[in-house]
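Read through the structure below, which is laid out as structure tokens, and then see the notes.
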Amino acid sequence: MPDKKKIIKLLNEIADMMEFKGENQFKVGAFRNGANTIRSIESFDSIVEGKKLGEIKGIGKSLQSVIYEFTENGNSSVYDELKREFPEGIDDLFKIKGMGPKKVQVLYSELKISNITQLEEAVSQNKLNGLKGFTDTLINSLPEEINKIRENKKYILINRAQEVTDIVIREMKSLNSVIKIETTGNLRRGMETISILTFIALIKKGTDFLKETVTKFNAVNEEGDIIISGMAEIPVKIFYFDEKTDYDRGLVITTGSFEFVNKIFGLKELKGNDELEIFKNAKIPYVIPEMREEEFLTVKDKNLKENSDLSLNQLKGLLHWHTTYSDGRDTLESMLTAAEKLNFNFAAVCDHSKAAAYANGLKEERVKLQREEIEKLRSRFKLNILQGIESDILADGSLDYPDEFLPQFDFIVASVHSRFNLDEKEMTARIIRAVENPYTDLLGHPSGRLLLARDAYKMDTQKIIDACAANSVAIEINSHPKRLDLDWRWIYYAREKGCIFSINADAHSIEDIDMLKYGILMGRKGGLMSSEVINCYDSESFKKFLNRKVKREFND
């Protein structure tokens, strides 16, 4: 099936590479404009599958060829050919904030700079001064930006870490010497970015586990532990024991953060047949793996130290998801069918609003069309269907529909999607004004961060959380592995203030719904209880939430 987002990304990357090479601007523009055109096509999948791209104005033969090839084969010969001509390491230059293809081209043609090490040297030697397009502000920001890229390369996102973990565990279980193996360390605690994948194995006595592992993975033995390189972008480390008691003790020690283990257990002897027994024998209340962080230890309120009871099967409502009406890959009907199969009781579609032109946002007339389709679909589904919207928070804090239009929606997510560079005072005031809007139900991805790619906005998070509590606005824990936003470290403070939360996949396809598991992990890290999550409400309780400030109808 055509993946609209991946195709848009592909066309833009081809345009970037063409622009870097200095190719004809009309050709570059054709790819960029084609990407923009595709954003606004609602029935993109059926058009591609029906080979009808030629009927779309702005999608010429070159673009059609690239799109059809990518859809059918998963690759692009145009992209691959351009990529082969690129100097190694130059990709990193494109990731630098404020650096586009033209600036990268200037660096390469004028100074033969093709990687961040060369750029760093050039900055330190003042070689960029006077180069076209390189202002003092940009030049002064480069050392910090270069450092960020270097640091980010040491980590992978949680979903990629899980993919590698599944492979390691499957392969390790095939060894004759392995009785049991599981993940530990940062991934077991559900950390959002991972710098090393850690495993712990229980092995059979008398077998040569080390030799088996070295042979299978080309691993090395390092002070009694096994390090596998080449399997992932980060190191893979395996602790191994042939005694069950050592295995259980090792699992406890390697799971918790250093600060947690040190402060909780200190010099106590760890003994027991499993983790529960080890905690019990140490006279310490059991703490679930996700909460074994230093932040847990600093919480003074005893009620906030209870183990989270959150689990995926407690989610009754699928909130904040997108369809082909805006930038989603799947239709409204398909998404609802998936939600019903997953046993959700209610679902609120929240396509992008009209200010989000980049995402084919819904103008008022298209909101009406979507509502009409929802009305037709209601009789075909058991679950309750709501029409929501992800409304852009404009620079002044207003939502991007008039207040008299907002009552049209059953559920409103307010999110920032533009003007990320406001100063802290302006951004804080902007978001608080949106939170204070009586129609706002949920503050979407509050900090705007993109893990390993973009920092959070400059804002006073504490004041924004306070505003959400005061205005009965739920705070989103966005489950997308690139976001995981609200940062789990703020959950304890928000709970202390009496905030409520919503865990959402921000799904743009049926497959994306699966990302809810990462939001659940983040909620568990903050000790979140199901009673604090609006997705866990039953239909009647959710109806009360919707009507807490503005009277709304809820179709039963």
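Since every read-out is calculated from the coordinates, none of them should be taken as a lab result. Model, not experiment: these values are computed from the prediction. Here the Cβ is made from the backbone with ideal geometry for all residues, glycine too, and neighbour counts use every protein chain on show.
What share of Cα pairs, in percent, lie more than 15 angstrom apart in segment 96-190?
So the portion of pairs separated by more than 15 Å is 69 percent.
Relative to 2.2 N^0.38 Å, what does the C-alpha radius of gyration of the chain come to as a ratio? Two decimals please.
For the chain, the normalised Cα radius of gyration comes out at 1.06.
Going by amide H atoms built from the backbone, whose H comes under 5 Å of the H on THR184, apart from near neighbours?
THR198, PHE199, ILE200
What ranking do MET17, MET529 get, fewest neighbouring Cβ atoms within 10 angstrom at the top?
Least crowded to most crowded, the residues run MET529, MET17.
Taking 7 Å along the Cα-to-C-beta vector as the label spot, tell me the SER311-LYS549 distance in nanometres, rounded to one decimal.
Distance between label points: 3.5 nm.
Take the Cβ-Cβ distance between ASN152 and GLU511 as r, set R0 to 25 Å, and report the resulting FRET efficiency rounded to the nearest 0.05.
So, using R0 = 25 Å, E works out to roughly 0.50.
How big is the dipole moment of segment 4-152 about its Cα centre under a simple scheme where the beta carbon of each Lys and Arg is +1, that of each Asp and Glu is -1, and everything else is neutral? Debye, nearest 20, please.
Dipole of segment 4-152, to the nearest 20 debye: 440 debye.
Please report, in debye to the nearest 20, how large the charge dipole of segment 283-357 is about its Cα centre when each Lys and Arg carries +1 at its beta carbon and each Asp and Glu carries -1 there.
220 debye
Using a 10 Å cut-off around each Cβ, can you sort PHE381, PHE542, PHE501 from fewest to most neighbouring Cβ atoms?
Fewest-to-most ranking of PHE381, PHE542, PHE501: PHE381, PHE542, PHE501.
Non-local amide H neighbours of ARG454 (under 5 Å, H modeled in plane, Pro and chain starts lacking H): which ones?
Result for ARG454 returns nothing.
Length gain on complete extension for the stretch LYS244 to ASN126, per 0.36 nm per residue less the alpha carbon to alpha carbon distance?
Taking LYS244 through ASN126 to full extension adds about 36.5 nm, to one decimal.
³J(HN,Hα) across segment 291-297 via Karplus (A = 6.51, B = -1.76, C = 1.60, θ = phi - 60°), whole Hz, x for Gly/Pro?
Values, residue by residue: 8, 7, 10, 4, 4, 4, 6 Hz.
With each label point set 7 Å from Cα along the Cα-Cβ vector, what nm distance links ARG366 and TYR286?
5.0 nm
How big is the antiparallel share of DSSP beta bridges in the chain, given as a percent to the nearest 5?
35 percent
Using the beta-carbon distance between GLU259 and LYS302 and R0 = 25 Å, what value does 1/(1 + (r/R0)^6) give for FRET efficiency, to the nearest 0.05?
0.80
So how far apart, in nm, are the two label points at LYS112 and SER141 if each is 7 Å from Cα heading toward Cβ?
Those two pseudo-labels are separated by 2.9 nm.
Of all GluC sites (Glu not before Pro) in segment 287-365, which ones are in loop regions per DSSP and have a Cβ with at most 15 other Cβ atoms within 10 Å?
GLU306
What residue among ASN421, ALA453, VAL349 has its Cα farthest toward the positive end of the dipole of the chain, where the charges are +1 on Lys, Arg and -1 on Asp, Glu, each on the Cβ?
VAL349
If you put +1 on each Lys and Arg Cβ and -1 on each Asp and Glu Cβ, how big is the dipole of the chain around its Cα centre, in Debye rounded to 20?
140 debye
Rank ILE96, GLY58, LEU131 by how far each Cα sits towards the positive end of the charge dipole of segment 4-152 (+1 on Lys, Arg Cβ; -1 on Asp, Glu Cβ) and give me just the farthest.
Checking the options against the dipole of segment 4-152, the answer is GLY58.
Evaluate the relative contact order of the chain (contact order divided by residue number), counting alpha-carbon pairs under 8 angstrom at least 6 apart; express in whole percent.
Reported relative contact order: 11 percent.
Could you derive backbone 3J(HN,Hα) for segment 414-426 from the dihedral phi with the Karplus parameters 6.51, -1.76 and 1.60 (θ = phi - 60°), listing whole Hz in sequence and x where the residue is Gly or Pro?
So the J values, rounded to whole Hz, are 9, 9, 8, 10, 7, 6, 6, 8, 5, 6, 4, 5, 5.
What percentages make up the Cα-Cα pair-distance distribution of segment 256-298 when the bins are 10 Å wide from 0?
Per 10 Å bin, starting at 0, the Cα pair percentages come out as 30, 60, 10.
Enumerate the calculated ³J(HN,Hα) couplings along segment 461-466 in order (Karplus 6.51 cos²θ - 1.76 cosθ + 1.60, θ = phi - 60°), each rounded to whole Hz, writing x wherever the residue is Gly or Pro.
Rounded to whole hertz, the list is 4, 4, 5, 5, 4, 4.
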